[in-house]
1. Please compute the net charge surrounding P78, taking Lys and Arg as +1 and Asp and Glu as -1 over other residues with Cβ under 15 Å from its Cβ.
2. Is the shape of segment 91-176 best called rounded, prolate or oblate, per the rule: a/c under 1.5 gives rounded, else a/b larger than b/c gives prolate, else oblate, with a ≥ b ≥ c the square roots of the Cα gyration tensor eigenvalues?
3. Cα-Cα pairs above 25 Å in the chain: how many percent?
4. Which one, R11, R63, R88, has the greatest fluctuation when you compute a Gaussian network model over the chain with C-alpha springs under 10 angstrom?
5. Specify whether the C-alpha gyration tensor of segment 133-172 places it in the rounded, prolate or oblate class, a ≥ b ≥ c being the square roots of the eigenvalues: rounded for a/c under 1.5, otherwise prolate if a/b is larger than b/c and oblate if not.
6. Which residue fluctuates the most in the chain, going by a Gaussian network model with Cα springs under 10 Å, if the choices are A116, A25, A85?
7. Order these by the 10 Å Cβ neighbour count, fewest first: M86, M171, M134.
8. Once the piece of chain linking S163 and Q135 is laid out straight, how much longer is it, given 0.36 nm per residue of separation minus the C-alpha distance between them?
Amino acid sequence: MKNKKNRLIMRSVILFLLAAAIIFAVYTSFAKEKYNVLQVGDDAPDFSLIDLDGEKHQLSAYRGQGVFLNFWGTWCAPCKKEMPAMGRQYQVYKDQGVQILAVNIAEPDLKVRTFAKQYGMVFPTLIDTTKSVMQTYNVKPLPTTLLINPDGKIVKIITGEMSENDIKGYMEQIKP
């Protein structure tokens with residue numbers, strides 16, 4: 001009687017573990033489809049966000065230009081270091097067909113405005129209030145920058161801090 005009870009318990013546990021494994025496998029396959037990892041050579045997914053001046057910026061509107069798409073946060077130390085360099089290089093390359101879109105990850109408007117003023121951000125500063133663009137682009141560490149060529153293709157994905165020379169070289173890569 002005791003052996004029968006032990007077998008029943010053991011079978012129940014095994015059945016439960018198999019069911020859990022199947023559910024996990026199904027869930028992860030659906031989650032993977034929802035957020036495909038972007039790679040170099042992929043089309044940059046279109047998005048639309050509002051900047052600090054209330055203007056709408058849609059990525060597809062920048063077709064024909066290089067786009068330096070930078071995801072950042074006010075608390076991010078590397079972001080603080082690279083923003084002034086990005087601003088200087090933007091002044092050089094904006095008339096050569098290279099645009100910067102700086103996407104803040106869901107921080108309060110006032111905090112972003114204060115940061116933008118402090119670090120001289122003269123390029124469009126957008127706030128991804130719902131983190132939907134961040135999720136679409138699979139952004140994990142901040143800063144993350146994607147270089148998008150004039151045809152709308154991702155040519156490079158950079159995670160971490162960039163020097164001013166790095167930024168200049170990257171802008172040269174996506175210049176029309």
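Every number in this text was worked out from the coordinates using simple rules, so none of it is lab data. Just so it is clear, the model here is predicted, and its values are computed rather than measured. Here Cβ is always computed from backbone atoms with ideal geometry, including for glycine, and neighbour counts include all displayed protein chains.
1. Charge balance in the 15 Å sphere: -1.
2. oblate
3. I get 40 percent for the Cα pairs in the chain exceeding 25 Å.
4. So, out of R11, R63, R88, the one fluctuating most is R11.
5. oblate
6. Of A116, A25, A85, the Gaussian network model singles out A25 as fluctuating most.
7. Ordered from fewest to most neighbouring Cβ atoms within 10 Å, M86, M171, M134 come out as M134, M171, M86.
8. Full-extension gain reported as 7.5 nm.
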